[in-house]
There are 2 protein chains.
Amino acid sequence: MTDRLRPEAPLGVFDSGLGGLTVVRAIREALPNEDIVYLGDNARVPYGTRSPDTVMKYALTCSRELADRGVKAIVVACNTVSSVALEMLRAELDLPVSGVIVPGARAAAIASGEAPVGVMGTAGTIASGAYTRAVAAQSSRSEVIGQPAPLLVALAEEGWTTGDVPRLVVRRYLSAFFGPDRGVAFPRDAKVGCVVLGCTHFPLFRELIEQELLDLGGRGIPVVDSAVQTAIDVEAFLEARRLKNPHPSGKLDVLVTDMPKSFAEVASRFLGDAITSVHQVDLKSSG
Amino acid sequence: MTDRLRPEAPLGVFDSGLGGLTVVRAIREALPNEDIVYLGDNARVPYGTRSPDTVMKYALTCSRELADRGVKAIVVACNTVSSVALEMLRAELDLPVSGVIVPGARAAAIASGEAPVGVMGTAGTIASGAYTRAVAAQSSRSEVIGQPAPLLVALAEEGWTTGDVPRLVVRRYLSAFFGPDRGVAFPRDAKVGCVVLGCTHFPLFRELIEQELLDLGGRGIPVVDSAVQTAIDVEAFLEARRLKNPHPSGKLDVLVTDMPKSFAEVASRFLGDAITSVHQVDLKSSG
């Protein structure tokens, strides 16, 4: 990487929409000094249902927008992009690029011990096999059981994160991680040693998922939050490259590709903090 | 319109994704002779969360693709496009253009009598006020009560159209059309005279919506299916322009802008019939 990278420069974070703000939230908690430029490509959301070629094209335009704004590193806060486009982005850009899958997979391989790793994600992330490959790279023992959970994305964006509907949806998805019911007196067999929140929307359901895991008989099964693990990973690579901002700052610029007003309203829930200004940008060759 | 329009030419139908196939289904039932070219712009789905400018740009590229394929008329099987882009498409194209909102609004104004019209749709369709304007144009008496119901789109695409989860979601959305609960012995007051399925995904929940309307105390409240009303409208304008295909045919070509394989699997549910071939197309200036 070039020596134009300065510790005072902001981190660039992007996602297909607003989910990546859960990653921004975790980074701000771990690294309060860092300035962040966040780009949500909500004109083209969701990426999870699109082909790898389309996702790569979109990811490159987002990354170039952030690079043009002088960021010192790019955090891909999107499981879909992290699963298909990281190597391409590293080849195309003269910047450190970090994704959300490897940090989550690393923590999951440790948390799961000898048992398989359970992963909830969008249909695209699960079908890509990205967590299966990333977990295999960390541990020769751990299998992955993937469960697509697309309704949790819609529920998060609708703001239905508590109550009967999300509870039933979470329960139905989690039941993929349990064996046949042997009756009330015997808890069902858990088939996994941990459950990874493999989509940036899912930290909004973390408590509900933990409760339902207990109710399904999964006592002691930890939930691994990819957003939190990514923040730990970002801190480590900034430290290793001497790129941590030594000065207190912590500014957040939020850029979107469509409808800044409605984005700000919903996005605050994902960030866990009020969002005061959102600017709209036009991406070059927005395909 | 030009005299190049031939009765034997196909109808062009487009939507942002696969929801418009419920409109194709209704057209095929009403007009079995007609050939149809269907275009699902699933590379850029959903339109419902995008700005009017973006939707107009997308709608124009879809319409031009169909016009280039020699269709005799265009049916916009998408509530979002119908709500913001019909006039623009009529001005830009030398073809008859029909949408899904006016036919639904016309039937609703009749069905609702003196009572307000209830409309369920995407957040974009409801926020646009398109049904409010279209109903007002049909009847000076009828108000509209709009209820965004985005989770029904996600449930339809996930295939969860029966059972507890869709029932609770439908019930929660429909409760917007009822007044305060006065106790078990007294049914709740219905505030609407009919409920319009104002999104092409919603016919998959028609029976569930009818059941839940009854359970909520809405006996006698009809459900108006915009897809069925659109087919009636298309038949009328083909008849008036002497453009009905006199020969038995009924071919269906399905075009998509991304991932033809996964589209075919889910799309059959919306069409109510097997889809044998889906071709991918690249739209010009796909912005």
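The values are calculated or read from the model by the stated rules, or taken from the named source; none is laboratory data. None of these values were measured; they are calculated from a predicted model. A quick note on method: Cβ atoms are made from the backbone with ideal geometry, for glycine too, and the neighbour counts reach across all protein chains shown. Surface areas here come from the heavy atoms of the whole protein model, side chains and all, with no ligands, DNA or RNA. Shrake-Rupley method; radii C 1.70, N 1.55, O 1.52, S 1.80 Å.
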All but one of (1) within 11 Å of chain B (Cβ to nearest Cβ); (2) more than 19 Å from A:Asp225 (Cα to Cα); (3) out of contact with any Ser or Thr (no Cβ under 6 Å at 6 or more places or on another chain); (4) open to solvent by less than 40 Å² (accessible area, probe 1.4 Å) hold for A:Ala127; which doesn't?
-> (4)
Looking at this structure, is A:Asp253 charged (D, E, K, R) and touching a strand residue (DSSP E or B) at 6+ places or on another chain (Cβ under 8 Å)?
-> yes
How many residues are modelled with pLDDT under 95 and surrounded by fewer than 23 Cβ atoms within 10 Å (Cβ to Cβ) if we restrict to the range A:194-210?
-> 0
Scan B:Arg167, B:Arg219 and give me the residue that is part of a loop (DSSP other than H, G, I, E, B), open to solvent by 60 Å² or more (accessible area, probe 1.4 Å) and either in contact with a His (Cβ under 8 Å, 6 or more places away or on another chain) or of a type in the set (D, E, K, R) (or both).
-> B:Arg219
Test set (1) away from chain A (no Cβ under 14 Å); (2) of a type outside the set (Val, Ile, Thr); (3) farther than 26 Å from B:Ala30 by Cα - B:Lys261 fails condition number = (1)
Taking A:Ala231 as the residue in question, decide whether it is farther than 30 Å from B:Arg50 by Cβ and either surrounded by 16 or more Cβ atoms within 10 Å (Cβ to Cβ) or in contact with a Lys or Arg (Cβ under 8 Å, 6 or more places away or on another chain) (or both).
-> yes
Can you tell me which residues in the range A:36-82 are closer than 12 Å to A:Val13 by Cβ and β-branched (Val, Ile, Thr)?
-> A:Ile36, A:Val37, A:Val71, A:Ile74, A:Val75, A:Val76, A:Val81
Picking from A:Gly19, A:Gly104, which residue would you name as being part of a helix (DSSP H, G or I) and open to solvent by less than 10 Å² (accessible area, probe 1.4 Å)?
-> A:Gly104
Which pairs do you get when a residue that is closer than 24 Å to B:Gly218 by Cα, found in the range B:112-130, comes within reach of a residue that is among the charged types (D, E, K, R) and surrounded by fewer than 22 Cβ atoms within 10 Å (Cβ to Cβ), reach meaning Cβ atoms under 8 angstrom, with the pair 6+ apart or on two chains?
-> B:Glu114/B:Arg141; B:Ala115/B:Lys191; B:Pro116/B:Glu143; B:Pro116/B:Lys191; B:Val117/B:Glu143; B:Gly118/B:Lys191
Can you tell me which residues in the range A:22-51 are assigned to a loop (DSSP other than H, G, I, E, B), within 20 Å of A:Thr161 (Cβ to Cβ) and not polar (S, T, N, Q)?
-> A:Val45, A:Pro46, A:Gly48
Just give me the residues in the range B:35-57 being within 17 Å of B:Val281 (Cβ to Cβ) and at the interface with another protein chain (Cβ under 10 Å from one of its Cβ atoms), in sequence order.
-> B:Asn42, B:Ala43, B:Arg44, B:Val45
Scanning the range B:245-266 residue by residue, those touching a residue at least 60 places away in the same chain (Cβ under 8 Å) and open to solvent by 70 Å² or more (accessible area, probe 1.4 Å) turn out to be B:Pro246, B:His247, B:Pro248, B:Lys251, B:Asp253
Inspect all residues belonging to the range B:149-156 and state whether any of them is within 29 Å of A:Phe263 (Cα to Cα), surrounded by fewer than 18 Cβ atoms within 10 Å (Cβ to Cβ) and within 14 Å of chain A (Cβ to nearest Cβ).
-> no
Say we look at the range B:137-148 and pick out the residues that are within 14 Å of B:Ile101 (Cβ to Cβ) and touching a strand residue (DSSP E or B) at 6+ places or on another chain (Cβ under 8 Å); which of these is farthest from the other protein chains (Cβ to nearest Cβ)?
-> B:Val144
Run down B:Tyr47, B:Tyr58, B:Tyr38 and say which single residue is in the same structural domain as B:Val256 (by TED's automatic domain parsing), within 20 Å of B:Gln147 (Cβ to Cβ) and open to solvent by less than 10 Å² (accessible area, probe 1.4 Å).
-> B:Tyr47
Out of B:Glu235, B:Glu239, B:Glu210, sole residue that is assigned to a helix (DSSP H, G or I), in contact (Cβ under 8 Å) with a residue 12 or more places away in the chain and more than 27 Å from B:Tyr47 (Cβ to Cβ) = B:Glu210
Before we move on, is B:Pro96 on the phi < 0 side of the Ramachandran plot, touching a Phe, Trp or Tyr at 6+ places or on another chain (Cβ under 9 Å) and either of a type outside the set (Phe, Trp, Tyr) or open to solvent by 10 Å² or more (accessible area, probe 1.4 Å) (or both)?
-> yes
Index of the failed condition, A:Val117 passing every other in (1) of a type outside the set (Lys, Arg); (2) modelled with pLDDT under 95; (3) buried (at least 22 other Cβ atoms within 10 Å of the Cβ) | (2)
Please give the number of the condition A:Ala30 fails out of (1) surrounded by fewer than 18 Cβ atoms within 10 Å (Cβ to Cβ); (2) within 14 Å of chain B (Cβ to nearest Cβ); (3) in contact (Cβ under 8 Å) with a residue 60 or more places away in the chain.
-> (2)
Could you list all residues from the range B:65-90 that are surrounded by 24 or more Cβ atoms within 10 Å (Cβ to Cβ) and of a type in the set (Gly, Ala, Ser)?
-> B:Ala77, B:Ser82, B:Ser83, B:Ala85
